[in-house]
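To start, the structure under review is shown below, and the notes come after it.
The values are calculated or read from the model by the stated rules, or taken from the named source; none is laboratory data. Values in this document were obtained by computation on a predicted structure and should not be read as measured data. No Cβ is skipped: glycine too gets one built from the backbone with ideal geometry, and neighbour counts run over all protein chains shown.
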Amino acid sequence: MNITIEAVYEAGVFKPLSPVENLKEHDKVRLVVEPANLIDAQRQNRIQIDPAVAREIAESPEHDLLES
């Protein structure tokens, strides 16, 4: 089970910003830390596309990834 949560680091402890489902007290976990500002910057670099245009591209045989 992989889940992504947002947390704050205070006094040497990671504190979730909201309750974490499916974890019990004292469960051991492995954390992969990505600074939120880096994640936000990556999101800002994504292009915005109209959903109708995205659907048209996805359904078009001209843009099919598999050769016919």
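Only one of these conditions is not met by Glu21: (1) of a type outside the set (A, V, I, L, M); (2) surrounded by 10 or more Cβ atoms within 10 Å (Cβ to Cβ); (3) at pLDDT 85 or above. Which number is it?
The single condition Glu21 does not satisfy is (2).
Can you pull out the residues in segment 21-38 that are among the acidic types (Asp, Glu) and closer than 18 Å to Tyr9 by Cα? Write out each step before concluding.
Initial filter on segment 21-38 (among the acidic types (Asp, Glu)): 21, 25, 27, 34.
Scanning segment 21-38 gives a single hit, Glu34.
Val32 fails exactly one of the following numbered conditions: (1) loosely packed, with under 10 Cβ neighbours inside 10 Å; (2) in a helix (DSSP H, G or I); (3) at pLDDT 85 or above. What is the number of that condition?
(2)
When you check Pro61 against the structure, is it surrounded by 10 or more Cβ atoms within 10 Å (Cβ to Cβ) and modelled with pLDDT of 80 or more, yes or no?
Values: surrounded by 10 or more Cβ atoms within 10 Å (Cβ to Cβ): no; modelled with pLDDT of 80 or more: yes.
Judged against the criteria, Pro61 is not a match.
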